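Heads up: the structure comes next, in structure tokens.
Coordinate-derived values only; no laboratory data. Bear in mind that the values here come from a model prediction, so they are computed numbers and not experimental data. As a convention, Cβ positions derive from the backbone with ideal geometry for all residues, glycine included, and neighbour counts pool all protein chains shown.
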Amino acid sequence: MATILLPLIVGSMTSAPVWLGLASLAGYYIDQAWLSQDISTNTYGPRAQDVRVSGSSYGNVIPRVWGAYRLPGNIIWADDLKEHQKTTSQTSGSGKSKVTMSYTEYWYTCSFAVAICRGPILAVRKIWADNKLIYHVSPSANDSTILASNELSRQMTSYFGTETQRPNSIIVGREGNSPAYRGVSYIVFQDLNLEKWGNRIPSFNFEVIQKGQDSGAGYTPLPVNVSDIIADLCLDAGYSEEDFDVTDVFGTIGGFCASGNSFMDDISSICRIADISWRQYGRKLVFFPREQKSIIVIPRQDIGAGEGENETVKIITSNKNQLPTVVEVEYFDINKDYLTSLQSATKSSGQDENRLSLQTSIATDANVARTAAYKVLTSMWNEACEYHFKLGPKWLHLVPGDVLNITTLNGDQHIVQIKEMTIGADYSIEVLARTYDSTIFGIEEEGDSGSGDIYDQIDIGGQTIGLLTNLPLLPGVPDEIGFYALANGESNAWRFAVLYESTNGGESYSMVGKISARGVGSALNTIGYGPSQIWDMDNHIDVYIKGVELWSADESDVLWGANAVVVGNEIIQFCNAELIAQDTYRLTKLLRGRRGTEWAIKKHQANEKVGVLMAGRLIFITGDIYGINKQNYYKFVANDMNQEFIDPVAFAYNGETKRPFSPVHCIHHGNRKYTWTRRSRVGLELTSNAPDIPLGEAYERYNIKLYLGDELIKQYTTTTPEITVDEGINMNQIKICQLSDAVGEGHPLVVNIDTNNGGVLSEEFDI
């Protein structure tokens, strides 16, 4: 008897293999052979006791599809199994010793119907049975696939869910009566051989084409308008055409499936991917793109609705610890036969992991899914500030979704998007807005489908590694007081960083520069002491630096300024750069203490930052004499970050760009006379006594201090690089500093003196 709307029955039809029966028979023959009589034996293979049906359940909501999509089927009718048998015989021996063995095999066929989705649809392009492709008709199918599909098509009748389709004749013939299932797409299989699926009806999946182009060899899917999907969802939920507006919604998507279980779930799913927002005006739903092309400037005097100058914008910042650090987007990968896949974006924030999982019914590729994850995560962090303010009646034409440029009392400007508006009895407007970040729109991220289900971790390029450093004046930099900034990102998505400065204790920030290239890494070893006047062949630097290629250079190129890095406070040049691991280089054949940084050679520590001193990788920030040694606050804000959520770093510039280099080559000429060689911070690396060496200061002056142990004995000021020490002074050390009108003493040359004869024992550099 036939079964209609079968419940789910899962089972197997396994039995002992054929060779067990044959082995038993052989044993029986051996035991009975001495009887010398004719033996006839029959054995039987496994038989099905009843139909086994999987993939059927009562009360399922019929899904609706747009574009192209893969769906599981639900069995809505199944006939009785038809048993088929085949018997094979084999005779051994002769005469009275003749033995005949026979084996009967059974297989089964069944007719059944499988519902797919709401119609109308254009075609069913692919069919999987137990995840094995058994039907494929499209321009991309090969000849053998098409041949096999044509064979199967003779056993199936497809109904595409039209309102005019008629009942299936096979079902009517078996049941006497049957619904036409109008508006439902389904397939009826007639006498399908179930042998390859263990004599059971397999689990079916179908690729449905709701919108496509007929090539003559099957349909090619076409993208579907997002506005059409939203409109259909609204109509299905009972809204009339006057109750919603999708006029401003643009864009397309590959495929979408609405389960019908929840209108809000389906709307949210499509809007997340398509960057669509919606607001309710009375009974009307208005859908609009999150990206707004125009920005409306609100004059400062209009904020407050005329309630006085003390009225301001109230800014509420969300707790960072409550924001997600990982956003996962679940989707159906069109490049992997619609397997359920994941793309995710991860933010390195230094807080505990907060995971947000977004389940969608979108059929798309890995790039779109990863981009969606990136945008959701980025926007949640960048738009987590809420703004509360009032406007007067002249702004009644504004609507939620409008993007505004507002100015607070302290002059800070904010780009915000209206979230809610409340109109008072006096037509004043209470506005609730959120930070608006336009940088995320138009961004396309590259995903990786991989193999099987995807769980792809990415970092978004949000966290910036910044380096603020007091370095001497570098070539090409104006001779002014200031400091340098470099940056890098922790992920591949990092593109640039904007540097903000606060000179009022962090109350407000202003932009002071933009760093457009990666230039910061970290030293993996602590650098030992080395010479400053010759090549250091003993020490090396292992540098981890993401996204920067370091190259070897000839000695001549290095002497002319190539391959310079700052490690801690020491500027070092290198000849050899060897890639020893991913993003990791070993730098050897070093020139130490460059640009007057000999004083830093002995002061290295573990885990120092490394900055690449190449054009385009660092910027110079101009200061003034009044800001020297004053602590300010700075924020490195990457391309996808909101300044509000960046932790500030404290830094004070010290006038290093104006500080003279230490002199060199102190010589004792006898009679207590000493001379030295001046260097120039605006000239060559090491100078001679040539008269064309630039002075770099307003006047040539030196401060000389004489020491005996730790006790200062005598102090001199000279205008020439020489001094004659007074008779009777006992000393063992001289410190010589060139003077700057801007910052005072430069770096000292420390000269160790022989107390017996006044000769120079050694030279060293000190801070």
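Below are the figures for this structure:
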read-out: Volume in Å³ per residue [convex hull over Cα atoms, computed for segment 468-555]; value: 182
read-out: Coordinate range along principal axes, alpha carbons of segment 539-640, Å, largest first; value: 42, 37, 27
read-out: Sorted by Cβ neighbour density within 10 Å, fewest at the top, the residues 713, 75, 534; value: 534, 713, 75
read-out: Burial ordering of 378, 247, 469, fewest other beta-carbon atoms within 10 Å first; value: 247, 469, 378
read-out: Cross-link pairs 546/635; 514/609; 320/514; 390/419; 546/609 - those with Cα-Cα distance over 23 Å; value: 320/514
read-out: Relative packing of peptides 744-756, 548-560 - highest average C-beta neighbours within 10 Å first; value: 744-756, 548-560
read-out: Ratio Rg/Rh [Cα only; Rh per Kirkwood] for segment 224-289; value: 0.92
read-out: Relative contact order (%) - criterion: Cα under 8 Å, at least six apart; region: segment 224-289; value: 39
read-out: Taking the C-alpha atoms of segment 369-438, convex hull volume expressed per residue in Å³; value: 94
read-out: For segment 580-680, the fraction of alpha-carbon pairs in successive 10 Å shells from zero, as %; value: 9, 25, 34, 21, 8, 3, 1
read-out: Packing-based ranking, highest mean first, of 282-290, 384-392 given that Cβ atoms within 10 Å are counted; value: 384-392, 282-290
read-out: Loop trypsin sites (Lys or Arg not before Pro), segment 144-216, which have at most 13 other Cβ atoms in a 10 Å radius of their Cβ (DSSP); value: 154
read-out: Cα-based convex hull volume of segment 557-612 per residue, rounded to whole Å³; value: 85
read-out: Unit Cα scatterers, Debye sum, segment 659-765: log10 I(q)/I(0) for q = 0.15, 0.18, 0.22, 0.23 Å⁻¹; value: -0.59, -0.83, -1.20, -1.29
read-out: Segment 659-765, relative contact order [Cα under 8 Å, separation at least 6], %; value: 29
read-out: In sequence order, calculated HN-Hα J values of segment 165-176 (Karplus, 6.51, -1.76, 1.60; Hz; x Gly/Pro); value: 5, 9, x, 6, 5, 5, 5, 4, x, 7, 9, x
read-out: Karplus-derived HN-Hα couplings along segment 707-714 (A = 6.51, B = -1.76, C = 1.60, θ = phi - 60°), whole Hz, x at Gly and Pro; value: 10, 10, x, 9, 8, 6, 9, 7
read-out: Spatially proximal lysines relative to residue 658 (Cα-Cα < 20 Å; intrachain offsets below 8 disregarded); value: 630, 735
read-out: Residues 682, 612 arranged by fewest to most Cβ contacts within 10 Å; value: 682, 612
read-out: Semi-axes of the equivalent ellipsoid for segment 182-235, Cα gyration tensor, largest first, Å; value: 32, 17, 11
read-out: For segment 482-487, 3J(HN,Hα) per residue [Karplus equation, 6.51 cos²θ - 1.76 cosθ + 1.60, θ = phi - 60°, Hz, x = Gly/Pro]; value: x, 8, 10, 9, 9, 7
